[in-house]
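**Student:** Structure incoming, see below.
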Amino acid sequence: MASKSATKRTSGRPGGKRKGAPAPVRKAGPGDWIRAARIPTLPLSVAPVVLGTAVAYVLHDADVDGPGWHWWRAAACLLVAVALQIGVNFANDYSDGIRGTDAVRSGPRRLTASGAAKPRTVLAVALVFFAIAAAAGLVITWRTGHWWFIAVGAACIVAAWFYTGGRRPYGYYALGEVAVFVFFGLVATLGTQFALAGQVTGDGWFVAVAAGAFATATILVANTRDLVNDARVGKRTLSVLIGDRASRIVYVVLLAVPYAVAGMFGAFYADHAWYAFFTLLVTAPAAIIALTARTPKELVTVLKLTALAALGYALLLGWAIAF
């Protein structure tokens, strides 16, 4: 009997999995790092550059005095915008992860919060992309001679970091949507136009508002998806403050803004601007899903559709304006 009792106490392989023990965390692979960059949302950084390039090209085509047209400047502006957004995404992953905000999520898992990657590694990747954006911005500054671009670039990086970083991240105080409208709408679009044409026009302001509306709608639907969890951990986003139903209505209103801009261009400036309304084939279903969605997964679909529509809108309206 003693031997049987001992056998029971020592059964199982040494170091084997014990009942009730937490499952080991799978370390992040290349696919996880690519997903962490949030590729489906990157059209939001491409769209304002496309629109800014279009309104700048009109000035070039009209022989308006400026710094001279160079396609590489447009490419550099695109690199700044995309690298900055990827840097923001990794910085948010790091900051929310170490703060514990992402401990319970409705969306895809985050590298830091899940333990799939070391926080320092995620932070290092964020800093690398910020450095890439800064380097491209410095090249633009050097070639154009507009040295005040350095201050604008610094403001963009500071805003990117303190969105969820620092002791009092403004993204936790319902200012995330405002910052996204300013930096992914106004700054990205008008900055591109000025870098390419040496001036900002009324048309530039109109398309900047359109780009900003798309970007703001996207972050609003993302915050609506995370509303319950954010409220639980004390993250006071706009969605937390105004509630689920109001957030969905504001999302639809924001989607209407770019089409008002396209209608204005179609009526007074560019006949082909009406082609931008073809993107309603994407935004109309997105709006319907946003108003009726019952699960976070449905709102993830809305987020992806909104970003895709932003790019399609920018390409169609940009083509109409430029050509």
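The values are calculated or read from the model by the stated rules, or taken from the named source; none is laboratory data. Computed from a prediction, not measured in an experiment: that's the story for all the values here. Cβ: placed from backbone, ideal geometry, glycine included. Neighbour counts: every protein chain shown.
**Student:** Given the conditions (1) modelled with pLDDT of 95 or more; (2) touching an Asp or Glu at 6+ places or on another chain (Cβ under 9 Å); (3) of a type in the set (Phe, Trp, Tyr), and given that Tyr259 satisfies all but one, which numbered condition is not satisfied?
**Tutor:** Going through the list (1) modelled with pLDDT of 95 or more; (2) touching an Asp or Glu at 6+ places or on another chain (Cβ under 9 Å); (3) of a type in the set (Phe, Trp, Tyr), Tyr259 breaks only (2).
**Student:** Take the conditions of a type in the set (Gly, Ala, Ser), crowded, with 21+ Cβ neighbours inside 10 Å, over 25 Å from Ile98 (Cβ atoms) and in contact (Cβ under 8 Å) with a residue 24 or more places away in the chain and apply them to Gly185. Does it pass?
**Tutor:** On the way: of a type in the set (Gly, Ala, Ser): yes; crowded, with 21+ Cβ neighbours inside 10 Å: yes; over 25 Å from Ile98 (Cβ atoms): yes; in contact (Cβ under 8 Å) with a residue 24 or more places away in the chain: yes.
Taking the combined requirement at face value, the residue satisfies it.
**Student:** So is Leu196 part of a helix (DSSP H, G or I), of a type in the set (A, V, I, L, M, F, W, C) and more than 21 Å from the chain's Cα centre (by Cα) or not? Talk me through it step by step, then tell me what you get.
**Tutor:** Details: part of a helix (DSSP H, G or I): yes; of a type in the set (A, V, I, L, M, F, W, C): yes; more than 21 Å from the chain's Cα centre (by Cα): yes.
Yes.
**Student:** May I pose another question? Pairs under 8 Å by beta carbon, first residue within 27 Å of Asp93 (Cβ to Cβ) in region 138-165, partner of a type in the set (Asp, Glu) and at pLDDT below 95, six or more apart or different chains?
**Tutor:** Once the first residue is within 27 Å of Asp93 (Cβ to Cβ) and sits in region 138-165, its partners that are of a type in the set (Asp, Glu) and at pLDDT below 95 give Thr164/Asp96.
**Student:** Residues in region 259-274: is at least one within 20 Å of the chain's Cα centre (by Cα) and either farther than 18 Å from Glu177 by Cβ or in a helix (DSSP H, G or I) (or both)?
**Tutor:** In the first step, residues of region 259-274 are kept if they are within 20 Å of the chain's Cα centre (by Cα); the result is none.
Scanning region 259-274, I find no residue that is within 20 Å of the chain's Cα centre (by Cα) and either farther than 18 Å from Glu177 by Cβ or in a helix (DSSP H, G or I) (or both), so the answer is no.
**Student:** Can you tell me which residue is surrounded by the fewest Cβ atoms within 10 Å (Cβ to Cβ) among those in region 116-125 that are out of contact with any Leu (no Cβ under 8 Å at 6 or more places or on another chain) and outside any helix (DSSP H, G or I)?
**Tutor:** The qualifying residue surrounded by the fewest Cβ atoms within 10 Å (Cβ to Cβ) is Lys118.
**Student:** Given the structure, is Leu291 buried (at least 21 other Cβ atoms within 10 Å of the Cβ) and within 26 Å of Ala179 (Cβ to Cβ)?
**Tutor:** Working: buried (at least 21 other Cβ atoms within 10 Å of the Cβ): no; within 26 Å of Ala179 (Cβ to Cβ): yes.
Answer is no for this residue.
**Student:** Quick one: which helices (runs of 4 or more DSSP H) sit completely within region 22-115 and have at least 1 residues that are at pLDDT below 95 and under 26 Å from Gly312 (Cα atoms)?
**Tutor:** Values: elements: 30-36, 43-61, 71-99, 111-114.
The qualifying helices (runs of 4 or more DSSP H) are 30-36, 43-61, 71-99.
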